Amino acid sequence: MELLTSPYKQQLQNLREMFAAPRGRFDKDFFFLTPIIHLLLPHLKQVVKLDTDLYINADIKHLHEQFDLFSPETVMGLGMELQPVYYCAFRKYRLANTRSTAGVASSLGGFQGLNTGVILLDLDRMKTSNLYRDVFNPTSLQKLQWKYSFHRTHLGDQDIFTVIGAEFPQLFFPLPCEWNRQLCQTWLKTKKFNKNLFMKYYECDKPVKIYHGNCVTKILLNDTKNIAGA
C-alpha cells in the first residue's frame with residue numbers, strides 16, 4: 001500500500017487535514033483513497049468498491065449493470081446515507097439558507113447525503129472529467145467546506161463526496177437503496193432522534209439485494225427486527 005500511495009502523499013494529507021476528525025476512527029490514509037483511485041489504478045476502467053460488512057443477496061452482475069444508467073457527467077454511483085447524519089451536518093447552513101434542502105431526506109425532496117458502503121466508480125470518467133478534477137483542488141474543497149459550514153465531519157471520503165454532491169449532484173448516480181440497505185439505527189436508538197423523521201431517511205421498500213451491517217450491526221436475514229418500525 002505504501003508503494004502504491006507514496007506519489008500521492010500530499011493529496012491524501014490535504015484531504016485528511018480538511019476532513020478527518022483528530023484521533024477519529026476514519027483519520028487514516030486508507031479512508032481517503034477512493035477520491036484518487038483513478039490515479040492509483042490507471043489501468044482499470046471501472047471498479048465496484050464494497051465494504052467488508054456486507055451480505056450480498058443478489059447476482060452481483062446486476063449491480064454492475066447500474067453503470068449503464070450513469071448520465072454522461074456521472075463519475076460514480078453511491079446509495080444515500082440512510083440515517084440523518086447529514087441533517088445535522090448541514091444544519092448551520094440551512095439555518096442561514098432557509099430554502100436549502102441540503103441534508104433533508106430525499107423522500108421530502110432533499111439531498112440526504114451519500115454512503116460509501118457500496119460504490120460504482122467509473123475510473124475513465126474520473127480521469128477525464130474537468131469538473132471532478134477541479135473540485136478536488138484543495139482550494140475548491142475548502143470553499144465548499146466554508147460555504148456549507150461543513151467542518152466537524154468524521155466519516156472520511158463519505159463526507160467529501162456528500163459535500164461535493166450538495167453542490168454538484170451531476171457527478172453522482174443515486175444507487176437505489178436495495179443495493180446498499182444500511183441497517184444501523186444509532187441515530188434512533190442511541191441519539192434518540194425523532195422516529196417519524198428518522199424513518200424518512202431510513203425507509204427502503206424494495207427487496208434487499210445488499211445488506212450493509214454498518215455500526216457493527218448484525219445482519220439477520222429475513223428478520224424484521226433489522227428494520228426500525230417493522
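Determine which single condition R99 fails, assuming it passes every other condition in (1) open to solvent by 10 Å² or more (accessible area, probe 1.4 Å); (2) of a type outside the set (S, T, Y); (3) in contact with a helix residue (DSSP H, G or I) (Cβ under 9 Å, 6 or more places away or on another chain).
(3)
From D157, D134, which residue is of a type outside the set (G, A, S), free of Cβ contacts under 8 Å to residues at least 12 places away in the same chain and in contact with a Ser or Thr (Cβ under 8 Å, 6 or more places away or on another chain)? Spell out how you get there, then give the answer.
On the way: D157 fails: free of Cβ contacts under 8 Å to residues at least 12 places away in the same chain.
Sole residue among the options that is of a type outside the set (G, A, S), free of Cβ contacts under 8 Å to residues at least 12 places away in the same chain and in contact with a Ser or Thr (Cβ under 8 Å, 6 or more places away or on another chain): D134.
May I ask you to verify whether Y8 is assigned to a helix (DSSP H, G or I), among the aromatic types (F, W, Y), out of contact with any Ser or Thr (no Cβ under 9 Å at 6 or more places or on another chain) and closer than 20 Å to V135 by Cβ? Spell out how you get there, then give the answer.
Values: assigned to a helix (DSSP H, G or I): yes; among the aromatic types (F, W, Y): yes; out of contact with any Ser or Thr (no Cβ under 9 Å at 6 or more places or on another chain): yes; closer than 20 Å to V135 by Cβ: yes.
Yes: the conditions hold for Y8.
Could you check W179 against (1) buried (at least 22 other Cβ atoms within 10 Å of the Cβ); (2) within 22 Å of F32 (Cβ to Cβ) and say which number it fails?
Among (1) buried (at least 22 other Cβ atoms within 10 Å of the Cβ); (2) within 22 Å of F32 (Cβ to Cβ), the lone unmet condition for W179 is (2).
Kindly establish whether Q142 is open to solvent by 20 Å² or more (accessible area, probe 1.4 Å), touching an Asp or Glu at 6+ places or on another chain (Cβ under 6 Å) and not in a loop (DSSP other than H, G, I, E, B).
Judged against the criteria, Q142 is not a match.
Restrict the check to segment 88-95 and report whether at least one residue is open to solvent by less than 20 Å² (accessible area, probe 1.4 Å), within 20 Å of F150 (Cα to Cα) and at pLDDT 95 or above.
Yes, there is a match, as at least one residue in segment 88-95 is open to solvent by less than 20 Å² (accessible area, probe 1.4 Å), within 20 Å of F150 (Cα to Cα) and at pLDDT 95 or above.
Considering only segment 117-139, state which residues are in contact with a Phe, Trp or Tyr (Cβ under 7 Å, 6 or more places away or on another chain) and open to solvent by 10 Å² or more (accessible area, probe 1.4 Å). Steps first, answer last, please.
As a first pass, look at segment 117-139 and keep what is in contact with a Phe, Trp or Tyr (Cβ under 7 Å, 6 or more places away or on another chain): 118, 120, 122, 126, 131, 135.
If the condition is that a residue be in contact with a Phe, Trp or Tyr (Cβ under 7 Å, 6 or more places away or on another chain) and open to solvent by 10 Å² or more (accessible area, probe 1.4 Å), then D122, L131 are the ones that fit.
The values are calculated or read from the model by the stated rules, or taken from the named source; none is laboratory data. It should be emphasised that the depicted structure is a prediction, and the values quoted were computed from it without experimental measurement. Glycine gets a Cβ as well: all are built from the backbone with ideal geometry, and neighbour counts include every protein chain shown. What goes into the accessible areas is simple: the full protein's heavy atoms, side chains included, and nothing from ligands, DNA or RNA. Shrake-Rupley method; radii C 1.70, N 1.55, O 1.52, S 1.80 Å.
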